[in-house]
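Heads up: the structure comes next, in structure tokens.
The values are calculated or read from the model by the stated rules, or taken from the named source; none is laboratory data. Computed from a predicted structure; not experimentally measured. Because the Cβ atoms are built from the backbone with ideal geometry, glycine has one as well, and the counts that use them run over all protein chains shown.
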Amino acid sequence: MNTDNEFGFAAPPFDAAATLVTLKRTLRDMKLAERGNAYEQRGKRVVELTLEGGAIQAKVARRLALTPEWDFSTLASAAHQRKFVDEVKKRLARWEHDE
């Protein structure tokens, strides 16, 4: 029996489509404006999401700019999703503080 932890339970399979819906809702709750597959703050693109295969390809801007430099992430588990959301929150707070 292949187990992922000491309790003998396998992690639930990652449902990328359902996670994408949840992630989109979370980004809207952060007051980001949805524009297709992208999310903007004050007219500047900060996050882009695409569903590819069984994972979500995510890009987050390094700095708030009209033409941002991107950091890329592949979200293939709930842990990756939580880490990505935390990173977006940190960057939004940093950008708010810098202005």
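Taking the conditions exactly as written (at pLDDT below 90 and on the phi < 0 side of the Ramachandran plot), does Phe7 satisfy them or not? Yes. Selection of first residues in region 6-29 that are more than 13 Å from Gly54 (Cβ to Cβ) and of second residues that are modelled with pLDDT of 90 or more and assigned to a loop (DSSP other than H, G, I, E, B), restricted to Cβ pairs under 9 Å at least 6 apart or on distinct chains, gives the following pairs, ordered by first then second residue: Ala11/Ser77.
Let's see how each residue does on (1) surrounded by 16 or more Cβ atoms within 10 Å (Cβ to Cβ); (2) among the small types (Gly, Ala, Ser); (3) touching a Leu at 6+ places or on another chain (Cβ under 6 Å); (4) under 14 Å from Ser77 (Cβ atoms):
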position: Asp15; (1), (2), (3), (4): no, no, no, yes
position: Thr22; (1), (2), (3), (4): no, no, no, yes
position: Arg25; (1), (2), (3), (4): no, no, no, no
position: Ala33; (1), (2), (3), (4): no, yes, no, no
position: Gly36; (1), (2), (3), (4): no, yes, no, no
position: Tyr39; (1), (2), (3), (4): yes, no, yes, no
position: Glu48; (1), (2), (3), (4): yes, no, no, no
position: Gly54; (1), (2), (3), (4): no, yes, no, yes
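Looking at Glu87, Glu69, just one residue is modelled with pLDDT of 90 or more, surrounded by 11 or more Cβ atoms within 10 Å (Cβ to Cβ) and either more than 22 Å from Asp15 (Cβ to Cβ) or under 10 Å from the mean Cα position of the chain (by Cα) (or both), and that residue is Glu87.
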